[in-house]
Amino acid sequence: MYDINKVREDFPILGREVYGKPLVYLDNGATTQKPRMVVDAMVDEYYSVNANVHRGVHFLSQQATELHEGSRETVRRFINARSTNEVIFTRGTTESINLLAFSFGEEFMSEGDEVIVSTMEHHSNIVPWQLLAARKGIAIKVIPMNDQGELLLDEYEKLFSERTKLVSVTHVSNVLGTVNPVKQMIATAHEHGVPVLVDGAQGVPHAAVDVQDLDADFYAFSGHKVYGPTGVGVLYGKEEWLDRLPPYQGGGEMIQTVTFEKTTFNELPFKFEAGTPDYIATTALARALDYVTALGMDNIAAHEHDLTQYAMMRLKEIPNMRLIGEAEHKSSVVSFLVGDIHHFDMGTLLDRLGIAVRTGHHCAQPLMQRLGIEGTVRASFGLYNTRDEVDILVAGVERVSRMF
Ligand code: PMP
């Protein structure tokens, strides 16, 4: 059973006040709050285990290594990868995409080759491809969308050519909440012999992800958006692809032998993990994944679906409300504008009422250009939010709207 009051007790920060008002935290798309057990895991490891991983013969180093590699297994199970060789720890989604853009670009792309992305990408799935374009002269093709915020799959099909080398698309839009049909899109790409990277930053926190079922070639996500710590994330990749990719960074850990003439690289996944990993964060990430697994990803998805539907219904009662992103398959993100009230003004005044929302372009400026707006107000829900908090949001938006 999903006992929301009990769940909320796991998150100490939810009990605090801002400006003398109870905090209503609706900025989960940017980052999520941490349950006590995640923070405790970090404190415990620093106080009682801390030692650098992999290279030590001593007791603590071995214990830290066991925790770190155990976390890799937890991640593997969570996304149903075949092997821990397919789980690379990074700093987050951004680094995962940059890693792939660099390594895949180095090995498999040359001038005139093409990567397909979508209109609704976060900058972190646009700019790495532009950097590659500047280095190698590749071209970026963009999947268009309709006004509801759904990708046009017929147009997507038409973008493939002999020069298409990769599709890189977001699982869930951080602005519109659209859940893209990535399984179908991957199947289409595979018919053209093209691999797919999925940006799962907004996918993993909200519904069960099975990389084998999706048949994703690569899948990226961030720990901090799934109730884990900052500074750690994952790049999943099929072993047959990762084996063929060159390293992204050089340093300790990623080598087998080094002479001044020649270096041989370590096996997977270490080939892509130069330097000391954030092993404290990987432990804590595993505890976060344990936490959401114990609650049940399906229960979380159902709870958040209810909140999102309720929020959309209630917000629509407000005069001059414009909801942005009304895809049929939608995750727990609600973007909106009211009349000509600037999103920044709305966000600032809501903040004074204790309500934390995000405003602006949400690192998706090309999407803003497509929508013909500068920004939105965005409420994004997490597993601990309640209908009461939605009511507080709606009352807040009504109050601010009346002021203008
Ligand atoms: N992609 C999407 C869809 C996102 O929402 C975000 C975070 N807002 C990112 C990528 C980047 O994630 P991070 O900053 O954790 O690397």
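The values are calculated or read from the model by the stated rules, or taken from the named source; none is laboratory data. The structure displayed is predicted, hence computed values, not measured ones. Please note: Cβ atoms are built from the backbone with ideal geometry, for glycine as well, and neighbour counts cover all protein chains shown.
Against the definition (within 16 Å of the ligand (Cβ to nearest atom) and either polar (S, T, N, Q) or touching a Ser or Thr at 6+ places or on another chain (Cβ under 8 Å) (or both)), how does THR359 come out, yes or no?
So THR359 passes the test.
Specify which of the listed residues (GLY347, GLY382, GLY354, GLY372) is crowded, with 16+ Cβ neighbours inside 10 Å and free of Cβ contacts under 8 Å to residues at least 60 places away in the same chain.
On the way: GLY382 fails: free of Cβ contacts under 8 Å to residues at least 60 places away in the same chain; GLY354 fails: free of Cβ contacts under 8 Å to residues at least 60 places away in the same chain; GLY372 fails: crowded, with 16+ Cβ neighbours inside 10 Å.
One residue alone meets the criteria, GLY347.
Quick grid of which residues meet (1) buried (at least 22 other Cβ atoms within 10 Å of the Cβ); (2) under 29 Å from LEU295 (Cβ atoms); (3) outside the structural domain of PRO269 (by TED's automatic domain parsing); (4) more than 22 Å from the chain's Cα centre (by Cα):
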site	(1), (2), (3), (4)
GLU9	no, yes, yes, yes
PRO12	no, yes, yes, yes
VAL75	yes, yes, no, no
THR84	no, yes, no, no
ILE88	yes, yes, no, no
SER110	no, no, no, yes
ILE116	yes, no, no, no
Members of segment 133-145 found to be under 23 Å from the mean Cα position of the chain (by Cα) and surrounded by fewer than 22 Cβ atoms within 10 Å (Cβ to Cβ), listed by number: ILE140, LYS141, VAL142, PRO144
So ALA208, is it touching a residue at least 60 places away in the same chain (Cβ under 8 Å), away from the ligand (no atom under 16 Å from the Cβ) and of a type in the set (Gly, Ala, Ser): yes
Residue pairs meeting the criteria (Cβ under 8 Å; at least 6 apart or on separate chains; first of a type in the set (Val, Ile, Thr), in segment 1-21; second assigned to a loop (DSSP other than H, G, I, E, B)): ILE4/TYR384; ILE4/THR386; VAL7/LEU383; VAL7/TYR384; ILE13/LEU23; ILE13/GLN33; ILE13/LYS34; VAL18/GLY354
Long-range neighbours under 6 Å by Cβ, at least six apart or interchain, first residue touching a residue at least 40 places away in the same chain (Cβ under 8 Å) within segment 306-322, second part of a loop (DSSP other than H, G, I, E, B): LEU307/PHE381; LEU307/ASN385; THR308/SER332; ASN320/GLY339
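Inside segment 326-383, can you point out the residues that are among the charged types (D, E, K, R) and either closer than 29 Å to LYS6 by Cα or touching a Cys at 6+ places or on another chain (Cβ under 6 Å) (or both)?
Listed by number, the residues that qualify are LYS330, ASP351, ARG352, ARG358, ARG378.
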Criterion (within 16 Å of the ligand (Cβ to nearest atom) and either surrounded by 16 or more Cβ atoms within 10 Å (Cβ to Cβ) or not assigned by TED's automatic domain parsing to the domain that holds ARG358 (or both)) met by exactly one of ASP44, ASP27: ASP27
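Residue-wise test of (1) surrounded by fewer than 23 Cβ atoms within 10 Å (Cβ to Cβ); (2) within 16 Å of the ligand (Cβ to nearest atom); (3) over 22 Å from ALA207 (Cα atoms).
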{"site": "THR93", "(1), (2), (3)": "no, yes, no"}
{"site": "ILE97", "(1), (2), (3)": "no, yes, no"}
{"site": "ILE126", "(1), (2), (3)": "yes, yes, yes"}
{"site": "LEU153", "(1), (2), (3)": "yes, no, yes"}
{"site": "GLU157", "(1), (2), (3)": "yes, no, yes"}
{"site": "LYS165", "(1), (2), (3)": "yes, no, yes"}
Of residues in segment 180-205 being among the polar types (S, T, N, Q) and under 22 Å from the mean Cα position of the chain (by Cα), the one farthest from the ligand (Cβ to nearest atom): GLN184
Hits in segment 167-176 - residues which are assigned to a strand (DSSP E or B) and within 15 Å of the ligand (Cβ to nearest atom): SER168, VAL169, THR170, VAL172
Selected residue (only one of LYS271, LYS238 is surrounded by 18 or more Cβ atoms within 10 Å (Cβ to Cβ), farther than 30 Å from LYS330 by Cα and outside the structural domain of GLU9 (by TED's automatic domain parsing)): LYS271
